[in-house]
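Scroll down for the structure; my scribbles are underneath it.
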Amino acid sequence: MPNRNNSDIPDDVYVQFVRSLFDNHHMLLIGAMCHAIVAGMAYWNNGNPVFAALAPLLLAVGLWRYAGLRRFHSAPRELDFAAAQRWEREYVVKGSLQGLALGSFCFIAIYLYPDPYAELGAVAVTLGSIVTVVGRNYGSPRMVLIFATTFVGPIAAGLVLRLDVPNVILGLLIVPFMVIIKGSADNVRQVLFSAVIGHRKARQLAQRFDRALNTMSHGLVMLDTEGRVVVANAGAAEVMGFSHHSQLLGRSLMALLMRGVAGGLLSMKDCRFVESQLTRALREGRDRKLMLRLTNGRHFEFSAREGRDELGVITFEEVTQRVQAEEKVRFMARYDSLTGLPNRAYFHEIVDEMMTTGDRDRRCGLAVLDLDDFKTVNDTLGHPVGDGLIYAVAERLTAFAEDEVKISRFGGDEFMIFANRVETEAAFARLLEEVFAALHGDVDVAGHALHIQVSAGAVVTRVADTDVDAMIVKADLALYKAKEMGKNGWQLFEPAMDEAFRSRQVMKADLRNAIAARGLRVVYQPIVAVDTMRIASCEALCRWDHPELGPVSPAVFIPLAEEMGIVSEISAFVLEQACRECASWPDGICVSVNLSARDFRNRSVIDRVREALEGSGLEPGRLEIEVTETALLDDKSSTHDFLAEIKALGVRIALDDFGTGYSSLSYLHTLPLDKVKIDGSFVVDVTCNARSLELIKGVVNLSRPLGLAVTVEGVETFEQLKTLVLDVKPDLVQGFLFGSALTASGISTMSRTVWPFHKKIHAARRTASDPV
């Protein structure tokens, strides 16, 4: 920027300074005429031709400058930086010539051709021109410096050259005026520069504020102390139905809200409420938020904040989507996604609220409904079909929902019914009978005809005597009893159920302690070889002697252990004990240990068998593992693999209770079995029922060609034994005929004993073989 003196001035400000040089160009013409007239009057006064020559020169230079200024004003208004530099150069050149001409007039009048009038006139017009230098030429520091030099310099030089002390001193005193002129112009220039920059920053800030204000998603209005709008944005105009935000200015908050009333979007009651709440918040200087729902379903949130300079700020935004999302989340948190019924938590909240209000002496009822065998539907037909069945049940239950009766899907295949006011137990029983009647029947789900079968437990009690959780516990106990009674029905809670439940919980705790303390014991039921009538093997059985209740039947504590998930710990204890005690028996006597379905759910069962053998030193061939058909049903492939690995250890495998449950002949072919044990239920009437006898004979005849040994369980009478020996010819028999279960030492003692009815069996065989 070669022609610009202050490089820190922005281009647009520099352009404005240059433009200021060309303002008031008519004053320049007046000044030139004054210069020429004074020079002409000096000539008329003293007749010196030099002044006659100066008069037209001063006028010509002034007209030349005036013409340049006129040309600037006739040029295009757009002025860039380069053009401004060119115009400034022209201005400085012409101004310099005029300054030299006027300075020469003063020097001539003071020194070359002294004349009192000419001297006074020249100094007068020069001082008049000096006055305009600061106001007109501040935009060009060079021009100010040139004018100060050409105007003041010749006067000072002329006075000094007179060489008399007063004039010399006067001339020297005039010199500082050049600095004063230059400083004054710079000061004016700086003040105006600061004002321009400040104005520009203010304008930029206002533009940014306006842009931010009108692009924000919120509507915004600012109110003065009289409650009238002084600032508004485009968002506010759009919501209020104005085409431009300036149309809101001067209106009161009530006037704006009344537009909503006039359009039918807002009730007069809501209008007054919103206006009063927002106005009070602004007046009290506190923040306040209000949610407003319009009649067209849109939601707006109003926020009032006290602003500065006594301006209150109100913002508002549409929050319809947020409200809908919150309502959806709230619905999902409270209602079941499949059935639309209240879920567990919300049902608990509803019932708790209903029970805490109203007459506390009234009776209420609660029922827990559970679909029977629902797991089978999921396992066989898939979860989508199961979901369809749940939906169908919920649909039928919903018909009973009303103000005083609440229905819930409590989770899984479990539903809840709560009656807030029940006159008698019989009245609640009638309601349940109606529910069962409505649920009874088949339903089509994805082409599958499914029969709805439900069990339920119910409780009726006085509101003041209970709470929600206690009722649910009692209804669950009643449901448990209904399941025990054969399902497809309901039971009303009785105090005895609670006592039984508590006793059951105590027994569970005692059983867990007994297992941890190794307080169980193992006894052995003899398994007798048919051909020798001696003990060939023993089945290990677990016993529990409760310190208070005495002996507890395995039919009681084994299901408890399965329910608690600790039956595998019992299996491990029995396996370890049986292997160690069998190792002390005479060679040839084996031991058989039952493993549950839970034992075969992971590979640890293989390690458990291996560790029991290694810890006891028992030969693997003397250990027999009995597996039930239930274990095979859980996961056939994994159970088959586990059995194969156990058999690879040298252990024998037996299929227990064959002929019951889901018996499949494919087991005899696909599983790595060594023995089949026929369930004792076939032996009960084997002496009088030819069908039972043929079934047992058929299993034996199927097993022998496959290389499988056969044990018949449940032999309790000599006649049963005789029939089996003569007609069925199994390898081994087992039952109470051979006595009750013995301790390990008892087995060792009886190992060489031949049962006393051996001779009778031998005689019967001989009789059967003699020809008639």
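The values are calculated or read from the model by the stated rules, or taken from the named source; none is laboratory data. Quantities reported herein were computed from a predicted structural model and do not represent experimental measurements. Note: ideal-geometry Cβ built from the backbone for every residue, glycine included; neighbour counts use all protein chains shown. Side chains are part of the model used for accessible areas, which takes the heavy atoms of the whole protein and leaves out ligands, DNA and RNA. Shrake-Rupley method; radii C 1.70, N 1.55, O 1.52, S 1.80 Å.
Entry remark, region 414-445: residues being closer than 20 Å to S337 by Cα and modelled with pLDDT of 90 or more number 4 in total. Within region 556-593, being at pLDDT 90 or above, within 24 Å of V676 (Cα to Cα) and open to solvent by 50 Å² or more (accessible area, probe 1.4 Å) holds for one residue alone: E576. Checked against the criterion of being under 27 Å from P10 (Cα atoms) and over 60 Å from the mean Cα position of the chain (by Cα), the candidates S129, S104, S74 yield just one match: S74.
Among helices (runs of 4 or more DSSP H) entirely within region 1-90, having at least 1 residues that are open to solvent by less than 70 Å² (accessible area, probe 1.4 Å), over 27 Å from A122 (Cβ atoms) and hydrophobic (A, V, I, L, M, F, W, C) singles out 11-21, 49-74. Only residues that are part of a helix (DSSP H, G or I) and surrounded by fewer than 20 Cβ atoms within 10 Å (Cβ to Cβ) were counted across region 594-608, and they come to 6.
When L265, L294, L257 are checked against the criterion of being touching a strand residue (DSSP E or B) at 6+ places or on another chain (Cβ under 9 Å) and under 28 Å from Q321 (Cβ atoms), a single residue qualifies: L294.
If you go through region 486-518 and keep only what is open to solvent by less than 40 Å² (accessible area, probe 1.4 Å), in contact with a helix residue (DSSP H, G or I) (Cβ under 8 Å, 6 or more places away or on another chain) and closer than 18 Å to L549 by Cα, you end up with M507, K508, L511, I515. In region 570-593, the residues that are assigned to a loop (DSSP other than H, G, I, E, B) form Cβ pairs under 6 Å with partners that are open to solvent by 40 Å² or more (accessible area, probe 1.4 Å), at six or more places apart or across chains, as follows: A583/G617; W585/S748.
Pairs are defined by a Cβ separation below 9 Å, a sequence spacing of at least 6 or placement on different chains, a first member in region 77-91 that is in contact (Cβ under 8 Å) with a residue 12 or more places away in the chain and farther than 14 Å from N137 by Cβ, and a second member that is surrounded by 10 or more Cβ atoms within 10 Å (Cβ to Cβ) and β-branched (V, I, T); the pairs so defined are L79/V15; L79/V18; D80/V15; F81/V15; A84/V15; A84/V18; Q85/V18.
Quick one: is S751 closer than 30 Å to S584 by Cβ, open to solvent by 30 Å² or more (accessible area, probe 1.4 Å) and among the small types (G, A, S)?
Taking the combined requirement at face value, the residue does not satisfy it.
Residue-wise test of (1) of a type outside the set (S, T, Y); (2) part of a strand (DSSP E or B); (3) within 19 Å of S337 (Cα to Cα).
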site: K375; (1), (2), (3): yes, no, no
site: V385; (1), (2), (3): yes, no, yes
site: G388; (1), (2), (3): yes, no, yes
site: R396; (1), (2), (3): yes, no, yes
site: F400; (1), (2), (3): yes, no, no
site: I407; (1), (2), (3): yes, yes, yes
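Residues that are surrounded by fewer than 21 Cβ atoms within 10 Å (Cβ to Cβ) and acidic (D, E) were ranked within region 519-555; the one that is nearest to L726 (Cα to Cα) is D531.
Total residues in region 148-177 satisfying the condition of being open to solvent by 50 Å² or more (accessible area, probe 1.4 Å) and touching a residue at least 12 places away in the same chain (Cβ under 8 Å): the figure is 6.
If you check E318 against the conditions, is it of a type in the set (D, E, K, R) and in contact with a Phe, Trp or Tyr (Cβ under 7 Å, 6 or more places away or on another chain)? Taking the combined requirement at face value, the residue satisfies it. Taking the condition over 27 Å from R334 (Cβ atoms), at pLDDT below 85 and acidic (D, E), does D498 pass? Judged against the criteria, D498 is a match. When residues in region 635-680 are screened for being in a helix (DSSP H, G or I) and at pLDDT 85 or above, 9 of them pass.
Within region 694-706, the set of residues being open to solvent by 10 Å² or more (accessible area, probe 1.4 Å) and under 18 Å from D531 (Cα atoms) comprises K697, N701, R704.
Might you let me know whether region 353-361 holds any residue that is among the charged types (D, E, K, R), farther than 30 Å from A236 by Cβ and without any contact (Cβ under 8 Å) to a residue 12 or more places away in the chain? The answer is yes, given that some residue of region 353-361 is among the charged types (D, E, K, R), farther than 30 Å from A236 by Cβ and without any contact (Cβ under 8 Å) to a residue 12 or more places away in the chain.
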